[in-house]
Amino acid sequence: MIPVDFKERMKSYLGEKEFEDFFSSFDNDERYHSLRVNTLKCDKEDLKSKLSYIKTEVSWEEKGFYYDDAQPGKHPYHEAGLYYIQEPSAMAPVHFLEPKPGEKILDLCAAPGGKTTQIASYMNGEGILVTNEINRDRAKILSLNVERLGIKNALVLNEDSAHLSEVFEGYFEKILVDAPCSGEGMFRKNDNAGDEWSLDNVRTCAVRQKEILANAAKMLLPGGRLVYSTCTFSADENEETIFEFLFANPDFHTVKVEKTGGIENGRIEFISDELYEKYSLIDAVRAEKCREEVLNSLRLWPHKLKGEGHFLCVLERDGELTRENANSYVPGGRNIAARPECTKVFEAFVKDNLSFDKKTFEIKRGKIFCNLEGGRSLNGLMYMFGDQIYLCPEDMPSVNGLKVMRGGLHLGTIKKDRFEPSHALALFLTADDVCLCKDYPSDGSEIKSYLNGQTMKITDDTPDSTYSQVKKDSKGWALITTDGYSIGWAKAAGGMLKNHYPKGLRINY
C-alpha cells in the first residue's frame, strides 16, 4: 500500500501531470529483472550463449542484462558465482564510481553485496577493496557473496562509519556511500515496503545519512571520487543532503557526468525555500553555488527508464590524486605473516593439488608468489586468523582492532600437519588451476546431487567433459565444476568423491 503522505509529497515535487505518469508506473505490472555477469569467473558473451534468457544489456552497466520468465537464482551457475541478481537501477552508482584495478576503494554501506561485487569485477583482483556493513547479520550475507563470486582482494568489515573514519582517514581513492534510506524506490518492487514508511522516518534517515557522508568524506584522499546514492525519492535524503554537505565541505565539488538510458539530472527546485534561506543568511554566494552544483546529481525515475527509483551524486575532493599520496601509508601497519610451519603445510597442498608455474613459485617469510596455469595468481601475504589461513595483498591494512568478517581470500584451515582448503578457494580457482577436477553438466542430476551434499561415485565408463581428470584410482582434493565453472571441493579416494560442499549452503532441489 502506497502511503498517502508519500503521494501528496510527490505531487508537490512533480506537479499534477508528471505525478500522474510517475504514479501510473506503480500500477504497471511490468517489472524489470536483471542480473550482472561476474567477469571474475566467466566471460559475459560465453554466459549469454549458455543462458538464452539474458539478451538486452542494461544501458548504464555493460555487464548487466535484463531477463524475463526465468529463475536464475535456482540455476547451478548462481551457486558457482557466475552472476549476481541485481536490480538494474542499483547498478548505476558503481558505473559512475568508475573503479579500476590497483585502486584503494571503500564500499561503506555494502550489504547484501551487489555494489561490492560489482566494484570487485572492475578491480579484477588488483588493489584493495574494503567493504563494510554495520549490521552483523547483513555483514555475514555480504561476506558470503564476496566468497561466492570468487573475490580475493576484499577486506569485509562489520564497523560503524565513525570508527572507520578514525582508522582510514585520508586513505581511499574512491568511496561508495549507498546510504541506508527510507526505501521509497522499492515501493513498486516490494508491496510491503510502504508499511513502515513515514515522514518522520524520512527525516531520521536524512540525519543518519548526513553523519555517514561526513564520516566518509574524512576517508577520501585529495583528488579522490565519492559517489553518494539512495533508493529513495525524498529530497531530504537526496538533493538537500548533497546541498548541506557541499556547504559544510568547501573542498568538495560535484561532477557533471555523461548520462545514458533515460537518467536525468537532480532538481534544485526540490530544495526547500526554508533550507536555502537558512544557508543564504550565512553565505548567500556560497549557498547559491552549492544549489547550482546539485544540478549535477542524477535521478533514475521508474516512469522514465527500465528500473526502479534511484538517486546518486558524484563528488570529488579538490586536489591532485597521485600514486605517491595514494600509497603513502597502511592503516594499522601490515598484517603479521604466517609462521613457517603454517606456510609449509599450505605449500605442500599447492604442490600436491594445484597446477602452477614451478619456475617462479616461491614462499618466503609468509609471502607467496604463485602463478597458476589458468592465468590467475596466488600472490601476496599469508597470515593467520586463529587456525584459518588467509591470503591478502601485501599492503592490506591490519585486521587488528577491527571487526573482521573476511580478510582477503580465505585459503583454508591448518589442522596440525595438514591443510584443508576452503570453499572460498574453490570458488576462486578454475579447472585449469588444479590437478584433479570433476565436471558435471549444469542441466544434469549429478550437480544437483553434489549441491545437496551427497557423496559421488567415480565411474570411468561415463564420458567425462573436457574439464574432468578424476578417475577411479584418483586420490586427493578434486575441484568440482559445472560446465567448467568451479563450484566446490570433493575428496577423491577409493573410487568415491567425498562431498565437501558447505553444509550451510546445501540445496534441496
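Values quoted throughout were computed directly from the atomic coordinates according to the rules given, and no laboratory measurement underlies them. All values derive from a computational prediction rather than experimental measurement. Positions of Cβ are generated from backbone atoms using ideal geometry, with glycine treated the same way; all protein chains shown enter the neighbour counts.
Below are the figures for this structure:
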| item | result |
| --- | --- |
| All aspartates and glutamates inside 16 Å of residue 448 as judged from Cα atoms, apart from same-chain residues fewer than 8 positions distant | 79, 439, 483 |
| Mean separation of Cα contacts under 8 Å (6+ apart) over length of segment 95-164, as relative contact order % | 34 |
| The chain: relative contact order as a whole-number percent, Cα under 8 Å and 6+ apart | 13 |
| Packing-based order for 235-245, 213-223, using average beta carbon neighbours within 10 Å, highest first | 235-245, 213-223 |
| Farthest toward positive dipole pole in the chain [+1 Lys/Arg, -1 Asp/Glu at C-beta], among 230, 374, 176 | 374 |
| Farthest toward positive dipole pole in segment 406-509 [+1 Lys/Arg, -1 Asp/Glu at C-beta], among 434, 419, 470 | 419 |
| Which of 410, 73, 121, positive extreme of dipole for the chain (C-beta unit charges) | 410 |
| Calculated [θ] (222 nm, deg cm²/dmol) that DSSP helices of n ≥ 4 give over the chain, each run adding -39,500 (n - 2.57) | -8500 deg cm²/dmol |
| Residue order, fewest to most surrounding Cβ atoms within 10 angstrom, among 60, 197, 489 | 197, 60, 489 |
| The chain: antiparallel DSSP beta bridges as a percent of all, rounded to 5 | 75 |
| Residues 174, 11, 359 arranged by fewest to most Cβ contacts within 10 Å | 359, 11, 174 |
| Of [x] 21.7, 67; [y] 24.5, 84; [z] 22.9, 67, the label for Rg and Dmax of the Cα atoms in Å derived from the coordinates | [y] |
| Assigned charges on the beta-carbon of Lys, Arg, Asp, Glu; segment 96-140 dipole about Cα centre (debye) | 140 |
| About the Cα centre, charge dipole magnitude for segment 340-427 (Lys/Arg +1, Asp/Glu -1 at Cβ), debye | 60 |
| Whichever lysines have a C-alpha closer than 24 Å to that of residue 415, once near sequence neighbours (fewer than 8 apart) are set aside | 152, 344, 351, 364, 367, 475, 491, 498, 503 |
| Hits among lysines - C-alpha to C-alpha of residue 17 under 29 Å, sequence gap 8 or more where chains match | 7, 189, 256, 259, 304, 306 |
| Gap separating the Cα centres of segment 93-125 and segment 1-43, nearest whole Å | 25 |
